[in-house]
Amino acid sequence: VVTICNLCGLGIYRLKGGYRAFRKFMLEDLEEILKDKKAIVIYGKTGTGKTRLLKKLKSDGFPVVDLEELAGHRGSVFGGIGLKQKSQKMFDSLIWFEVRKMKASKYFIVEGESKKIGKVYIPEAFWNFMQSGINVEIEIPIEERIKISIEDYKVSEFSPQTYLEALHRIRKILGEEKFRTIAQFFEEEKYEQAVRELMVNYYDKLYERSTPEIHYAIKAENFDLCYERVKKLIKEICGSIF
């Protein structure tokens, strides 16, 4: 196929060792690039706008690796709704490509994640890099979090049944009474109440059990103010380290 493409003037290259050799090189190169970098890891409860924050930082020129975007999954039980999950090989390749593009940077900004995002796993080299990072926690009021969650998950664009199917996966964790309450809110399209109940009875408890040591904490009344404070803090952190 490569020969035919080249005869047609397409200029196609054939990798020695094929994809297996490329993948081995890619994972080794990822580890090599990261060895002298620092991670700034953003933590916060569901709805604090971590993904928004990363996208805004990226648009402002900061070196951001958005793992959820690369994975095609938001990393929660409802995280696959409206998205197409990437394969493990594609996910690994996209992370490597992003890191390689920004390898001149001395640090990368990422969101705190569990090792598994949907059906894919964060590559070992990048996971270890995150674990040794500087952890920044953001906090905004629950009313703001509910609003952001509804907007970012595009809640009104999908049928109640879509959310009920995901809700069934955590039925045992919620308990029958809470499950029925939240299910009814979804059925009646009372999305604010449903999101609030999920935050209080599931996501916040999950977050509190899994959060690592926090090095810096930022509290703000709304997302915009939170973003400005995070941006200022990152500049201060980088100024003191580098």
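Does segment 63-92 hold any residues that are assigned to a helix (DSSP H, G or I), touching a residue at least 60 places away in the same chain (Cβ under 8 Å) and either touching a strand residue (DSSP E or B) at 6+ places or on another chain (Cβ under 9 Å) or crowded, with 18+ Cβ neighbours inside 10 Å (or both), and which are they?
Answer for segment 63-92, where residues must be assigned to a helix (DSSP H, G or I), touching a residue at least 60 places away in the same chain (Cβ under 8 Å) and either touching a strand residue (DSSP E or B) at 6+ places or on another chain (Cβ under 9 Å) or crowded, with 18+ Cβ neighbours inside 10 Å (or both): just D92.
Select from segment 187-216 the residues that are more than 17 Å from T162 (Cα to Cα) and among the charged types (D, E, K, R) and write down the one among them that is least open to solvent (accessible area, probe 1.4 Å).
D204
Consider E98 carefully, then state whether it is of a type outside the set (S, T, N, Q), part of a helix (DSSP H, G or I), modelled with pLDDT of 95 or more and open to solvent by 10 Å² or more (accessible area, probe 1.4 Å).
So E98 fits the description; yes.
Within segment 102-110, is even one residue under 24 Å from L164 (Cα atoms), in contact (Cβ under 8 Å) with a residue 60 or more places away in the chain and part of a loop (DSSP other than H, G, I, E, B)?
No.
Give the residue, chosen from E137, E124, that is surrounded by fewer than 15 Cβ atoms within 10 Å (Cβ to Cβ), at pLDDT 95 or above, within 17 Å of the chain's Cα centre (by Cα) and within 18 Å of L67 (Cα to Cα).
Testing whether each residue is surrounded by fewer than 15 Cβ atoms within 10 Å (Cβ to Cβ), at pLDDT 95 or above, within 17 Å of the chain's Cα centre (by Cα) and within 18 Å of L67 (Cα to Cα) leaves just E124.
Only one of these conditions is not met by H168: (1) open to solvent by 60 Å² or more (accessible area, probe 1.4 Å); (2) of a type outside the set (F, W, Y); (3) under 26 Å from G44 (Cβ atoms). Which number is it?
Going through (1) open to solvent by 60 Å² or more (accessible area, probe 1.4 Å); (2) of a type outside the set (F, W, Y); (3) under 26 Å from G44 (Cβ atoms) one by one, H168 breaks only (3).
When the residues of segment 36-62 are filtered to those that are basic (K, R) and assigned to a loop (DSSP other than H, G, I, E, B), which remaining residue is most open to solvent (accessible area, probe 1.4 Å)?
K45
List pairs: first residue in segment 218-230 and among the aromatic types (F, W, Y), second residue modelled with pLDDT of 95 or more and open to solvent by 60 Å² or more (accessible area, probe 1.4 Å) anywhere in the structure, Cβ distance under 6 angstrom, at least six positions apart or on different chains.
Correct list of pairs: Y227/K56.
Answer yes if at least one residue in segment 218-227 is part of a helix (DSSP H, G or I) and either among the hydroxyl-bearing types (S, T, Y) or in contact with a Cys (Cβ under 9 Å, 6 or more places away or on another chain) (or both), and no otherwise.
Yes: segment 218-227 contains one or more residues that are part of a helix (DSSP H, G or I) and either among the hydroxyl-bearing types (S, T, Y) or in contact with a Cys (Cβ under 9 Å, 6 or more places away or on another chain) (or both).
Test of understanding: among S149, S159, which residue is open to solvent by less than 90 Å² (accessible area, probe 1.4 Å), under 18 Å from Y202 (Cα atoms) and modelled with pLDDT under 95?
S149
Tally up the residues in segment 168-194 that are of a type in the set (V, I, T) and either under 19 Å from the mean Cα position of the chain (by Cα) or in a loop (DSSP other than H, G, I, E, B) (or both), please.
Adding up the residues that qualify gives 0.
In the list I4, I33, which residue meets the criterion of being among the β-branched types (V, I, T), over 29 Å from R145 (Cα atoms), more than 20 Å from the chain's Cα centre (by Cα) and loosely packed, with under 12 Cβ neighbours inside 10 Å?
The match here is I4.
The values are calculated or read from the model by the stated rules, or taken from the named source; none is laboratory data. Since the structure is predicted, the reported quantities are computational estimates derived from the model, not experimental observations. A quick note on method: Cβ atoms are made from the backbone with ideal geometry, for glycine too, and the neighbour counts reach across all protein chains shown. Ligands, DNA and RNA are stripped out before the accessible areas are found, and what is left, the full protein with its side chains, is counted by its heavy atoms. Shrake-Rupley method; radii C 1.70, N 1.55, O 1.52, S 1.80 Å.
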